[in-house]
Every structure is written in C-alpha cells, then in structure tokens.
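Novice: Structure in structure tokens, see below.
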Amino acid sequence: MPRTTTPDRPQPVHVIGGGLAGSEAAWALAQHGVPAVLHEMRPERGTGAHVTAGLAELVCSNSLRSDDHENNAVGLLHEEMRRSGSLIMAAADNHRVPAGGALAVDREGFSAAVEAALQAEPLVEIERREVAGLPPEDWSSVIVASGPLTSDALAAAIAELTDQRSLAFFDAISPIVHRDSIDFDKAWLQSRYDKASGPESDGRDYLNCPLSKEQYETFIAALLTAERAEFHDFETKTPYFEGCLPIEIMAERGPETPRFGPMKPVGLTNPHSPDRPYAVVQLRQDNALGTLYNMVGFQTKLKHGEQVRVFRQIPGLEAAEFARLGGVHRNTFINSPRLLDSELRLKNEPRLRFAGQITGVEGYVESAAMGLLAGRFAAFERLSRTSPTPPPTTALGALLGHITGGAESSNFQPMNVNFGLFPPLAEKLGKKHRKPAQARRALADLDEWLEMQQAATAE
Ligand SMILES: Cc1cc2nc3c(=O)[nH]c(=O)nc-3n(C[C@H](O)[C@H](O)[C@H](O)COP(=O)(O)OP(=O)(O)OC[C@H]3O[C@@H](n4cnc5c(N)ncnc54)[C@H](O)[C@@H]3O)c2cc1C
C-alpha cells in the first residue's frame with residue numbers, strides 16, 4: 001500500500017530484518033517520532049537457524065549473558081541500553097527466568113513481547129517479505145539488520161556494493177587476550193626478522209610465546225584430545241576455507257603441521273633464554289588502544305572451557321584473561337572499520353546504514369545495541385538534528401568505536417563487548433577496582449550523552 005506523508009510526518013526509515021537489531025532500530029525510530037517500515041522475510045523465507053516466524057527470535061541460547069553492570073562489560077551494556085529506552089532489554093526484563101547472575105529469558109515470551117510492542121506502535125509497519133537485493137532508490141534511509149544469515153540475494157547485492165572481499169560468510173575467530181594478563185617474563189615483543197610493518201612500526205609488532213620441544217608435544221596432545229563444538233547442519237553445507245582452518249584440524253593433519261604454519265619459530269630471538277624455541281605462538285595487536293592481542297592463526301572449534309584450559313598451557317599465557325574465545329561459524333558480516341562511518345553509514349552509499357551482527361559485533365546484546373544506535377542516528381538524521389556519537393568511555397561508544405575504526409581492518413573479525421575496548425582510566429587502580437571504576441565512568445558519561453540527545457530532540 002503506498003504510504004502517504006504529511007508535512008509533519010517524516011518519511012519512513014526502512015529496516016531490513018526483524019531480529020534483535022532490526023526490532024530495536026524500529027523501536028528507537030518510533031520513540032523519536034520517525035516512522036519505520038520493518039521488513040522481515042520469515043515465515044515466507046527461512047534462514048536455517050530460525051525456527052519461528054517471531055520477531056527477535058533467539059536462535060540458540062536463551063541467555064543475554066551476565067547482568068552484572070559493575071564487573072562485566074555486557075552487564076554494563078544491558079544497563080546502558082535500559083537507560084536508553086531499549087525494547088529488547090524491557091522485553092528481557094519482563095520475561096526473565098532464573099539464571100543466577102545471568103539474564104536468561106523465556107524465549108517465546110520474549111519474542112512475543114517484542115513483536116507485540118512493535119505491532120502496537122502506530123509508527124511501525126511490519127512487512128513480511130524478503131528484500132531480495134539492494135533496496136529501491138526511493139528508500140532514502142535504510143537500516144540493513146539482516147543478521148548473520150542474511151538471505152543470499154541481499155548478501156550478493158551487498159557484496160557487489162562493497163566489493164567481494166569486504167563481505168565474509170564465515171568468521172574464523174582466534175582467541176583475543178587482554179595484554180595486561182600476559183607474562184612478559186616469558187613473552188617478548190618482536191616481529192619475525194625484526195621486519196617493520198610500516199613507517200610507525202619499530203619491528204616489534206608481535207608478542208611471542210616460546211615453547212620447548214617437550215612443551216610443544218604436550219600442547220599438541222592437549223589440542224588433539226580437547227572437546228570440540230559441533231558445526232550446525234546448515235554450516236556443514238558451506239565449504240570450509242583452507243585459509244581459516246582451525247588450529248586443531250591443522251594439528252590433526254600432522255603434529256608438526258602447526259610448527260610449519262602459525263607456530264613456526266623462525267626469525268625470532270628469545271631475550272629471556274639462550275635456547276632457541278622449538279615453536280612460537282604469536283599474538284598481534286587487535287585494537288588501536290593496544291589493550292587486546294589476538295592469537296595469530298588460532299581460530300578454533302574447541303569448546304570455550306577447553307580453549308581456556310589448553311591455551312593457558314602456552315608459556316606466557318598461564319594467567320591469560322580472554323576478551324573473547326575463538327570460533328568458526330557461518331556468519332555474514334562486512335568489514336565495518338573500512339566501510340562504515342562513525343554513524344554506521346556506508347561511506348560509498350550513505351543512505352544505507354548497517355546494524356547488528358552484520359556489522360561485525362557478536363552476540364544478541366551487542367547486535368541489539370547496534371540496532372539501538374542505528375535507529376537513533378537515522379532518526380536524528382530524518383529530523384535534521386545533530387548530536388555526537390556516544391562517548392568511547394561507554395559500552396555503547398566503545399563497541400561502536402571498535403567496529404567503525406578502532407579495530408584493525410586487515411584482519412577484522414567479529415567482537416563481543418569487553419573492557420579491553422574502553423580507553424584506560426586516568427588513575428592507576430588495582431585489578432579488583434578497575435572494572436567498577438570503568439563502569440561508573442561509563443554510566444556517568446552515558447547519562448550526560450542521553451541528556452544531550454534529549455536536548456537536541458527538543459530543539
Ligand atoms: C546459529 C547461531 C547461533 C547463535 N547463537 C548465539 C547465542 O547463543 N548467543 C548470542 O549472544 N549470539 C548468538 N548468535 C549470534 C547473534 O548474536 C545472533 O545471530 C543475533 O540474533 C544477531 O542479531 P541480528 O539482529 O543481527 O540478526 P538476526 O537476529 O538473525 O535477525 C536478522 C533478521 O533478518 C531477517 N532477514 C535476513 N535476510 C533478510 C532479507 N533479505 N529481507 C528481510 N529479512 C531478512 C532474518 O530472517 C532475521 O529475522 C548466534 C548466531 C547463529 C547464526
């Protein structure tokens with residue numbers, strides 16, 4: 001049905017995908033007085049993981065993870081989203097089931113609540129149809145929130161628009177370690193053959209963890225016997241790339257294979273010992289702040305608990321704190337640090353914004369958070385209002401900053417929210433007090449930002 005617009009009523013913003021991010025984006029638009037058309041292809045077309053026709057279906061776990069906003073970055077993100085008027089958080093709070101410190105939900109009640117709220121919202125129209133290609137030219141503002149299982153036709157159009165190399169169909173995530181949990185009495189900084197990576201590099205770009213022959217053999221044995229996570233049925237139909245083979249599969253091909261691949265010991269001199277290492281695990285800086293390091297070539301399908309157990313056997317990583325653990329999944333995502341501006345707009349086609357897992361965040365909450373921001377940004381744009389993006393000291397701002405520039409674009413992989421993405425505190429605090437202090441700073445800065453946003457809307 002053709003939409004009529006009155007002079008008072010802004011043109012609608014089109015949101016593609018009624019998942020966690022799209023539902024949140026449509027809600028944020030409506031809360032700012034901007035009409036939204038939410039296009040969801042289910043039940044007409046399914047995804048391989050969704051099993052219902054409901055909006056905001058949780059495809060796997062029913063947990064939105066820790067709800068501790070003082071000590072956990074995802075808990076802090078919950079709180080920031082609540083304060084920002086999140087529909088996803090309101091539905092989750094109303095459909096909570098007992099889960100200790102985690103926020104777990106009754107998945108059906110949760111999805112039904114999100115859908116009912118959007119249906120009851122006069123500024124939201126829900127269209128049950130696939131957007132099978134680039135949105136029509138006359139959709140002047142669009143939020144693409146089609147998720148990790150974006151339909152083939154839309155994914156092909158996005159690939160064409162962004163160039164093929166900027167759209168991935170699998171993630172291959174190596175574990176990411178907080179730098180301050182690495183033992184520098186064992187590890188050292190050095191690039192192979194001291195090679196500088198650019199004018200600003202001093203030839204010490206990598207963190208190296210050395211293994212003796214005995215340590216290597218013990219490590220490979222642990223790797224081979226550790227428990228693995230299964231691929232989903234729909235994932236086994238997508239071919240594996242040789243370039244992102246899990247480390248345990250590499251070891252399965254021959255115990256020496258990793259030593260001739262990512263664990264090769266060449267071009268490196270251990271300053272802590274005269275013995276030549278038999279193998280080396282290298283970690284590379286993962287964010288501009290230099291607080292996070294990823295284990296190079298260590299993408300893995302080991303179960304999370306097993307990753308912690310096995311990777312802490314690596315000398316230097318005995319007390320490693322993982323900002324995120326590894327994985328290999330079917331996942332459609334774009335190279336956001338290269339493609340998006342600070343308001344989630346595609347640089348070469350700014351009428352298109354991206355939100356949710358397709359931007360390279362990982363997780364239900366992070367996806368919804370990017371929907372919330374995309375909805376607000378699009379609403380402000382429609383209303384010709386300006387407001388800064390959330391401060392980098394907040395969980396919303398830290399995550400946004402990471403995907404739109406803070407992350408290294410050459411090896412960009414999806415990321416959960418974690419305190420390693422936040423700028424360090426000005427004062428030096430003991431480990432126990434650091435996270436609560438970061439959380440207090442975040443909430444104070446968020447409140448100030450929300451006040452600014454409110455003032456800008458009232459203008
Ligand atoms: C199998 C699997 C398991 C996961 N398990 C977890 C987990 O346990 N915990 C966790 O935190 N995260 C998990 N994730 C990661 C991620 O957080 C979720 O996928 C989350 O739902 C992403 O939110 P989203 O809004 O970006 O995408 P989705 O929630 O998937 O929403 C995207 C929506 O877009 C629709 N769509 C796609 N293409 C089109 C189109 N062309 N036109 C119209 N509609 C379209 C889809 O039907 C879908 O409803 C999992 C991902 C997958 C694939």
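The values are calculated or read from the model by the stated rules, or taken from the named source; none is laboratory data. Predicted, not measured: the structure shown is a model, and the values here were computed from it. Here the Cβ positions follow ideal geometry from the backbone for every residue, glycine too, while neighbour counts run over all protein chains shown. In case anyone asks, the SASA skips ligands and DNA or RNA and just uses the protein heavy atoms, side chains included. Shrake-Rupley method; radii C 1.70, N 1.55, O 1.52, S 1.80 Å.
Novice: If you take every residue apart from PRO265 with its C-beta less than 9 Å away from the C-beta of PRO265, what net charge results, scoring Lys and Arg +1 and Asp and Glu -1? Intermediate results must be reported in sequence, preceding the final value.
Specialist: Numbers: positive: ARG259, LYS264, ARG276; negative: none.
Computed value for this residue: +3.
Novice: Rolling a 1.4 angstrom probe over the protein heavy atoms, how many square angstrom per residue are accessible across the chain? Intermediate results must be reported in sequence, preceding the final value.
Specialist: Numbers: 19740 Å² over 459 residues.
Value returned for the chain: 43 Å² of accessible area per residue.
Novice: For the ranges 38-50, 72-84, what's the packing order if you count other beta-carbon atoms within 10 Å of each residue, average per peptide, and put the highest first? The partial results should precede the final answer.
Specialist: Working: 38-50: 18.2, 72-84: 23.5.
Output ranking for 38-50, 72-84: 72-84, 38-50.
Novice: Quick check: from the Cα gyration tensor, does region 359-404 come out rounded (a/c under 1.5), prolate or oblate?
Specialist: Values: a/c = 2.51, a/b = 1.53, b/c = 1.64.
Oblate, since a/c reaches 1.5 and b/c is not below a/b.
Novice: Between HIS304 and THR269, what is the spin-label point distance in nm, taking each point 7 Å from the Cα along the Cα→C-beta axis?
Specialist: If labels sit at HIS304 and THR269, their model points lie 4.3 nm apart.
Novice: By how many nm would the segment from ARG385 to ARG228 lengthen if fully extended, with 0.36 nm per residue of separation less the alpha-carbon distance? Don't skip to the answer; put the middle values down first.
Specialist: Working: separation 157, 0.36 × 157 = 56.52 nm, distance 4.99 nm.
51.5 nm is the gain from fully extending ARG385 to ARG228.
Novice: Cα extents of region 111-239 along the three principal axes, largest first, in whole Å?
Specialist: Largest first, region 111-239 extends 64, 43, 31 Å along its Cα principal axes.
Novice: Right, another one. Would you mind telling me the share, in percent, of accessible area of the chain contributed by carbon and sulfur at probe 1.4 angstrom?
Specialist: Carbon and sulfur together cover 52 percent of it.
Novice: Where Lys and Arg each count +1 and Asp and Glu each count -1, what net charge lies around ARG338 among other residues with Cβ under 12 Å from its Cβ? Don't skip to the end; give the middle numbers.
Specialist: Values: positive: ARG165, LYS347; negative: ASP163, ASP341, GLU408.
Computed value for this residue: -1.
Novice: Turning to a different aspect of this structure: First check a/c for region 15-127, with a ≥ b ≥ c the square roots of the eigenvalues of its C-alpha gyration tensor; if it is under 1.5, answer rounded, and if not, answer prolate when a/b is larger than b/c or oblate otherwise.
Specialist: On the way: a/c = 2.17, a/b = 1.33, b/c = 1.63.
Cα axes put region 15-127 in the oblate bin.
Novice: Now for a separate question. FRET efficiency for ALA155 and ARG192, Cβ-Cβ distance as r, R0 = 35 Å, nearest 0.05? Please report the intermediate quantities before stating the final value.
Specialist: Details: r = 36 Å, r/R0 = 1.03.
Once rounded, the FRET efficiency stands at 0.45.
Novice: Along the Cα→Cβ direction, 7 angstrom out, place labels at ARG129 and ARG276. What is the inter-label distance in nm?
Specialist: If labels sit at ARG129 and ARG276, their model points lie 6.8 nm apart.
Novice: Still on this structure: Rounded to the nearest 20 Debye, what is the dipole magnitude of region 232-338 about its Cα centre when Lys and Arg each give +1 and Asp and Glu each give -1 at the C-beta? Working shown, then result.
Specialist: Details: 13 positive and 11 negative charges, 34 e Å.
For region 232-338, the charge dipole is close to 160 debye.
Novice: In nm, give the distance between the simple-model label positions of GLU108 and GLN164, each being 7 Å from the Cα along the Cα-to-Cβ direction.
Specialist: 4.5 nm
Novice: Can you pull a Stokes-Einstein diffusion coefficient for region 324-459 at 4 °C (1.567 mPa s), Rh from Kirkwood over Cα pairs, as a whole number of µm²/s? Intermediate results must be reported in sequence, preceding the final value.
Specialist: Numbers: Rh = 15.8 Å.
Estimated diffusion coefficient is 82 µm²/s.
Novice: Full extension from SER342 to GLU252: what is 0.36 nm times the residue separation minus their Cα-Cα distance, to one decimal in nm?
Specialist: Details: separation 90, 0.36 × 90 = 32.40 nm, distance 4.26 nm.
Contour length minus the Cα-Cα distance gives 28.1 nm.
Novice: Based on Cβ point charges of +1 for Lys and Arg and -1 for Asp and Glu, what charge dipole magnitude is obtained for the chain about its Cα centre, in debye rounded to the nearest 20? Before the final figure, lay out each step's value.
Specialist: Details: 46 positive and 59 negative charges, 142 e Å.
Around 680 debye, computed over the chain.
Novice: What ranking, highest mean first, results for peptides 450-459, 95-104, 114-123 when packing means the other Cβ atoms within 10 Å averaged over each residue? Present the calculation step by step, with values, prior to reporting the outcome.
Specialist: Details: 450-459: 12.4, 95-104: 15.1, 114-123: 16.6.
By packing density, highest mean first, the sequence is 114-123, 95-104, 450-459.
Novice: In whole Å, what are the extents of the chain along the principal axes defined by its C-alpha atoms, from largest to smallest?
Specialist: Here the spans come out as 78, 51, 49 Å, largest first.
Novice: Hey, which aspartates and glutamates would be in cross-link range of LYS186, C-alpha to C-alpha under 18 Å, not counting anything within fewer than 8 residues on its own chain?
Specialist: Cα-Cα hits under 18 Å: ASP205, GLU214, ASP275, GLU318, GLU321.
Novice: How about region 411-449: which trypsin sites (Lys or Arg not before Pro) there are in a DSSP loop, with at most 11 other Cβ atoms within 10 Å of their Cβ? Walk me through the numbers before you get to the answer.
Specialist: On the way: sites: LYS428, LYS431, LYS432, ARG434, ARG440, ARG441; in loops: LYS428.
Filter output for region 411-449: LYS428.
Novice: Continuing with the same structure: Quote the FRET efficiency, to the nearest 0.05, computed for GLN119 versus GLU217 with a Förster distance R0 of 56 Å and r equal to the Cβ-Cβ distance.
Specialist: Working: r = 60 Å, r/R0 = 1.08.
My answer for the efficiency is 0.40.
Novice: By average Cβ neighbour count within 10 Å, what is the ranking of 88-94, 141-147 from highest down? Don't skip to the end; give the middle numbers.
Specialist: On the way: 88-94: 21.6, 141-147: 28.3.
Per-residue Cβ counts within 10 Å, averaged per peptide and sorted highest first, yield 141-147, 88-94.
Novice: Another question, if that's okay. Taking R0 as 35 Å, what FRET efficiency do you get between CYS60 and ASP180 from their Cβ-Cβ distance, rounded to the nearest 0.05?
Specialist: Working: r = 31 Å, r/R0 = 0.90.
That pair, CYS60 with ASP180, gives E of 0.65.
Novice: State the answer as a single residue: which of GLY290, MET370, ALA132 lies farthest towards the positive end of the charge dipole of the chain, with beta carbon charges of +1 for Lys and Arg and -1 for Asp and Glu, about the Cα centre.
Specialist: GLY290
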